[in-house]
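Worksheet for the structure shown next.
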Amino acid sequence: MIILIYLFFLLWEEAHGWGFRNGIFHNSIWLEQAAGVYHREARSGKYKLTYAEAKAVCEYEGGHLATYKQLEAARKIGFHICAAGWMAKGRVGYPIVKPGPNCGFGKTGIIDYGVRLNRSERWDAYCYNPHAKECGGVFTDPKQIFKTPGFPNEYDDNQICYWHIRLKYGQRIHLSFLDFDLEDDPACLADYVEIYDSYDDVHGFVGRYCGDELPEDIISTAPREKI
């Protein structure tokens, strides 16, 4: 199962987000290669994990619950999620890069709920996995090819990759898939690729793709403040 993706940047910047759409839970986020932090929610939906369950989710994937400092370091380089989650030592919060009226109370930074005395409360999870640093990257060149580690060999189990595309304001991206082979799942809940072109958690969602059929070319939408 391999992905080979070719990017030709026409005119634009970029984004990621989180949301619940069409019965599928989407966990894509803005994240740069150095952070190693990502968001997880239960398969049953948003805000379903106790502290012990959140910890188990991260450990199952080879990592652990992110510390406040790790989450803030990721936020400073673009990690933006409007969903509260468990962190290390029973802390709960979420990272905001771009405030909105319904997310972050109009503030930027870690929206911090503090250490929760009741560890049976149910939230999402913020995991830290140092191995996630090895898959993904930040692209600023006008033309770029990127692929999963070890291509053309199969990618590793529990591999998490984030590609963050940065160009000048007013530009757009033309994304072409040259080779695409992931686990075939009708709901795309196992292995998948998600694409976003806005900080807007729901409306910036472009699509989720799995299986071995090449997705059609994608061109980003009109220029925005951040996409």
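The numbers here are math on the coordinates, done by the rules we state, and not lab data. Keep in mind the model is a prediction, meaning the values are calculated, not measured. Using ideal geometry, Cβ is built from the backbone for each residue, glycine included, and neighbour counts are taken over all protein chains shown.
Check which residues have an amide H placed less than 5 Å from Ile195's amide H, if you skip close sequence neighbours.
For Ile195, the qualifying residues are Val206, Gly207.
Cα to Cα, under 25 Å, and not fewer than 8 places away if on the same chain: which lysines meet these conditions relative to Lys55?
Lys46, Lys69, Lys76, Lys89, Lys133
Among 182-188, 95-101, what's the highest-first ranking by average C-beta atoms within 10 angstrom per residue?
Details: 182-188: 13.7, 95-101: 17.4.
Peptide ranking by packing, descending: 95-101, 182-188.
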